1. Would it be correct to say that A24 is outside any loop (DSSP other than H, G, I, E, B) and without any contact (Cβ under 8 Å) to a residue 12 or more places away in the chain?
2. From the residues in region 121-140 that are in a helix (DSSP H, G or I) and of a type in the set (A, V, I, L, M), which one is farthest from R52 (Cα to Cα)?
3. For region 7-27, name all the residues that are closer than 14 Å to L138 by Cα and of a type outside the set (V, I, T).
4. Kindly indicate which of G14, G37 is touching a Leu at 6+ places or on another chain (Cβ under 9 Å) and surrounded by fewer than 18 Cβ atoms within 10 Å (Cβ to Cβ).
5. Give me a count of the residues in region 55-73 that are more than 11 Å from the chain's Cα centre (by Cα) and under 14 Å from G93 (Cα atoms).
6. From (1) within 27 Å of S2 (Cβ to Cβ); (2) buried (at least 19 other Cβ atoms within 10 Å of the Cβ), pick out the condition that doesn't hold for G67.
7. Of all residues in region 92-109 being within 13 Å of G58 (Cβ to Cβ) and surrounded by fewer than 15 Cβ atoms within 10 Å (Cβ to Cβ), which is farthest from the chain's Cα centre (by Cα)?
Amino acid sequence: MSDVSLAEADTIIGAALAKARESAFEPLTVVMLDAGGHPVAAKREDGSGILRYEIAFGKAYGALGFGFGSRTLAGRAAKVPMFFTAVSAAAEGRIVPVPGGVLIRNTAGHVIGAVGISGDTGDNDEAAAMHGIEAAGLSADPGA
């Protein structure tokens, strides 16, 4: 299994932020993690709030930790909140179960990383992430 490269991360972040500006989204913060949950790259637009990095990281980290996008995490967290409270404690608060954390799959379908975006609505964060991933020629997996 390979990890998302720095060049791919740059492409994903650039395209995600371009989509955000084109769509007049609020200022975003984008965090790219490799398949092991380690940061590859991050960018914070001017005006993006000071907690946005941690939120974006938590969206991507949660997606990697569970193996599905944070949209699915959001649905599951709503159904079993006590479980997610326990998981959050086990993960030292690094899981944010709301849309905007998208798995990155290579052409063979393997997870090579995740992108987390925070700054606008979860749906808009997710749309920017998916646009960036697809611009890099990779497959976006936001969950269901």
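No value in this document is a laboratory result; all are computed from the given coordinates. Small disclaimer: the values here were computed from a predicted structure and weren't measured. Every residue, glycine among them, receives a Cβ derived from its backbone with ideal geometry; neighbour counts consider all protein chains shown.
1. Details: outside any loop (DSSP other than H, G, I, E, B): no; without any contact (Cβ under 8 Å) to a residue 12 or more places away in the chain: yes.
Considered against the rule, which asks whether it is outside any loop (DSSP other than H, G, I, E, B) and without any contact (Cβ under 8 Å) to a residue 12 or more places away in the chain, A24 comes out as no.
2. Step one: of region 121-140, the residues in a helix (DSSP H, G or I) are 122-135.
If we keep only those that are of a type in the set (A, V, I, L, M) too, we end up with 127-130, 133, 135.
Values: A127: 17, A128: 15, A129: 15, M130: 18, I133: 20, A135: 23 Å.
Within region 121-140, the match that is farthest from R52 (Cα to Cα) is A135.
3. Looking only at region 7-27, we keep the residues that are closer than 14 Å to L138 by Cα, and these are 7-13, 15-16.
The answer is A7, E8, A9, D10, A15, A16.
4. Working: G14 fails: touching a Leu at 6+ places or on another chain (Cβ under 9 Å).
Going through G14, G37 in turn, the sole match is G37.
5. Matching residues across region 55-73 total 1.
6. Going through (1) within 27 Å of S2 (Cβ to Cβ); (2) buried (at least 19 other Cβ atoms within 10 Å of the Cβ) one by one, G67 breaks only (2).
7. Among residues in region 92-109 that are within 13 Å of G58 (Cβ to Cβ) and surrounded by fewer than 15 Cβ atoms within 10 Å (Cβ to Cβ), the one farthest from the chain's Cα centre (by Cα) is E92.
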